[in-house]
Amino acid sequence: MEILKVAFVTPGAYAVPSPRGGPVERVVEKVVPLLASSVEARIYGRTARGLPKRERWNGADCIRYPAADKSAYAERVLRSLAAYRPDIIQVENRPLLVRKIRRRMPGARIWLSLHSTTFISPPYLGPKMTRACLRMADRILVNSEYLASQVRARAPETADKIRVNHLGVETDRFGVLDPDAERHRRGWGDRRIVMYVGRLIPRKGVHHLLAAMPRLIRDVPNVLLVIVGSAFYGSSYRTPYVKRLHKMAKPFAKHVHFQPYVSHLEIPGWFAMAHAAAVPSDEREAFGLVNVEAMASGVPVVAARSGGIVEIVEDGVTGFLVEREHLTQGLADRLSQLLRDDPLRERMGRMGRERALSRFTWAHTAQRWLEEAGIVAQHRP
């Protein structure tokens, strides 16, 4: 049987692999090696210090180009694709690049893997161009039913091209550390810890979480809110919004700890410390990897009822979903409930890990991709 040649084109924002990369590159980094025994895989990405311009990595060929100039990066990828002539070209989260490839290679089989609504919305793309780019893809892979609905709303004629493939988690890294040991290592052995992990940007809703702290401190005097993340991947720069968050936290500084950006490799240790995870994102959250990472860690999640989160967190079973109209009050109520009720918290933590193991692993994601490509998983010599 002839092996399919598949090219995965990342945006050029970060290298693959990279512990400081964004979620798009992380998905490629985790899924492609699981496909490499069944396809001839090639990853296009940006150069980075310590990484060669070309190498064989985890069964895939990695080709890296400088990406400071996005147009030059795209042009180099296009020339390489034209010479390589893959059976499938999968473009990661950049609909405009689908249009460029289609114009250069009219007969190519092009899949668009969308990770969010960001690049199918203004100011990145207007409605007319979004629809044109989506129509040029042969397949549109999305990570949630919510994101599928957003694509259909923008280009109804693409409905039969859309496939939902939920993302995963590394279950061999999350949920394997000793929570007590991790807390004591930080000097937090006597604290009840609420964990937020993610970017510090307005739509992630951290201000709602901080607004809930006075009530939470009253109910749980030893509570500690740990905020892990920065405004940008790989940077600790304080934007006006980040400064606002620090100002909000100042009256109860003993109950809030800010941890600037850390590598994704360190995240399992932070979730291991948590008694509960908070995800107060707005309605544009397409999936939210932190939800499955918390669940895989055995940590119940209190999240906004928004976007694709409702497909991950099972309300009342693996955590709680809070209505956005009453987000601050709901966060305070549900987090307080979990921190004061050990049997409930432990039961939800167990159910969350079981759900993550049974539905949200990278192996599941890779298997669904192979099925969509019409490939029976095989092991190549």
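The values are calculated or read from the model by the stated rules, or taken from the named source; none is laboratory data. This one's a predicted model, so the numbers in the text were calculated from it and none came from an experiment. Reconstructed Cβ throughout: ideal geometry from the backbone, glycine too, with neighbour counts over all protein chains shown.
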Candidates V6, V39, V77, filtered to the one that is modelled with pLDDT of 95 or more, crowded, with 19+ Cβ neighbours inside 10 Å and within 23 Å of the chain's Cα centre (by Cα): V6
Candidate set: the range 315-338, residues that are touching a Leu at 6+ places or on another chain (Cβ under 9 Å) and surrounded by fewer than 20 Cβ atoms within 10 Å (Cβ to Cβ); chosen: the one farthest from A211 (Cα to Cα): D315
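Residues are listed down the side, and each one gets a yes or a no for (1) outside the structural domain of F232 (by TED's automatic domain parsing); (2) part of a helix (DSSP H, G or I); (3) at pLDDT below 95:
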| position | (1), (2), (3) |
| --- | --- |
| R20 | yes, no, yes |
| V27 | yes, yes, no |
| P33 | yes, yes, no |
| A48 | yes, no, yes |
| P52 | yes, no, no |
Test result for G175, more than 30 Å from A373 (Cα to Cα), touching a helix residue (DSSP H, G or I) at 6+ places or on another chain (Cβ under 9 Å) and not β-branched (V, I, T): yes
Exclusive hit being part of a loop (DSSP other than H, G, I, E, B) and either among the β-branched types (V, I, T) or in contact with a Cys (Cβ under 9 Å, 6 or more places away or on another chain) (or both), set L96, L125, L177, L112: L125
Criterion (closer than 15 Å to F8 by Cβ and of a type outside the set (G, A, S)) met by exactly one of R64, R76: R64
Which numbered condition T158 misses (of (1) in contact with a helix residue (DSSP H, G or I) (Cβ under 7 Å, 6 or more places away or on another chain); (2) crowded, with 22+ Cβ neighbours inside 10 Å): (2)
Of the criteria (1) in a helix (DSSP H, G or I); (2) touching a Gly at 6+ places or on another chain (Cβ under 8 Å), which one I63 fails: (1)
In the range 140-157, the residues that are part of a helix (DSSP H, G or I) and within 22 Å of the chain's Cα centre (by Cα): E145, Y146, L147, A148, S149, Q150, V151, R152
Evaluation of K70 against (1) surrounded by fewer than 16 Cβ atoms within 10 Å (Cβ to Cβ); (2) touching a residue at least 40 places away in the same chain (Cβ under 8 Å); (3) in contact with a Cys (Cβ under 6 Å, 6 or more places away or on another chain) (one fails), failing number: (3)
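Please report, ordered by residue number, the helices (runs of 4 or more DSSP H) entirely within the range 266-381 with at least 2 residues that are farther than 22 Å from R192 by Cα and in contact with a helix residue (DSSP H, G or I) (Cβ under 7 Å, 6 or more places away or on another chain).
Those helices (runs of 4 or more DSSP H) span 342-359, 362-372.
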Qualifying position, being in the same structural domain as L338 (by TED's automatic domain parsing) and either in contact (Cβ under 8 Å) with a residue 40 or more places away in the chain or in a helix (DSSP H, G or I) (or both), among R218, R238: R218
Any hit, the range 258-278, residues being closer than 21 Å to E145 by Cα, more than 15 Å from the chain's Cα centre (by Cα) and at pLDDT 95 or above: no
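Within the range 178-191, can one find any residue that is aromatic (F, W, Y) and under 30 Å from I217 (Cβ atoms)?
The answer is yes, given that some residue of the range 178-191 is aromatic (F, W, Y) and under 30 Å from I217 (Cβ atoms).
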